[in-house]
Amino acid sequence: MGFENVSTRRGKADDLFHLDGKGLVGRGTVRAMPVDLAHIEEVYSSVFLKKEGCRWVHFSYGGYADDARKFANIRGIALFEYAANGEIRPVTSSAKRLLRRRPDSEVTRRLRRALWLVVAAGLLVIGVVYWKVVGLVVAAVVVGAVLIGVLHFKEMTTRR
């Protein structure tokens, strides 16, 4: 799904596992019976609310009760269930969006960083010219940052 540095580990209980990564936090339940609302609410309040700004995911081998699905849809929790053949099926609309999500390529990430650098440098130059507070020192730093950004961009586009 395009997340970086995702790891899994066993939970405190035998039927739980954890997923953690950059921009992602998740839990999984390994039991034959469907996950009920109480379980999803507990994970939401004890885990997900502490990790705002991350995508919230939950995996289940036994499916989900209807009220748990409704709760997850309202809260934006991506629910997935494992099929007997090992396939991962999305249950909620946020899970369907995550499966359609394409991971960014390294070139795209570097282009995005270089663009932010150029924009930030441009804003600094405008601020220096407009306010004339720090003058040439800040302008020299900004020009250096822009040159570094351009060189970084050039290096990035010539790499294979």
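The values are calculated or read from the model by the stated rules, or taken from the named source; none is laboratory data. These numbers were taken from a predicted model, which means no experiment stands behind them. Quick reminder, even Gly has a Cβ in these numbers, built from the backbone with ideal geometry, and neighbours come from all protein chains shown. These accessible areas exclude ligands, DNA and RNA; they are computed on the full protein's heavy atoms, side chains included. Shrake-Rupley method; radii C 1.70, N 1.55, O 1.52, S 1.80 Å.
Screening Lys154 against (1) part of a helix (DSSP H, G or I); (2) at pLDDT 80 or above leaves a single unmet condition, (2). Note on the range 86-126: among residues that are of a type in the set (Gly, Ala, Ser) and under 26 Å from Gly149 (Cα atoms), the one that is modelled with the highest pLDDT is Ala114. Inside the range 30-60, can you point out the residues that are open to solvent by 70 Å² or more (accessible area, probe 1.4 Å), out of contact with any helix residue (DSSP H, G or I) (no Cβ under 9 Å at 6 or more places or on another chain) and at pLDDT 85 or above? Met33, Glu42, listed by residue number.
The residues of the range 61-80 that are closer than 17 Å to Val30 by Cβ and open to solvent by less than 40 Å² (accessible area, probe 1.4 Å), listed by number, are Gly62, Gly63, Tyr64, Ala65, Ala68, Leu79, Phe80.
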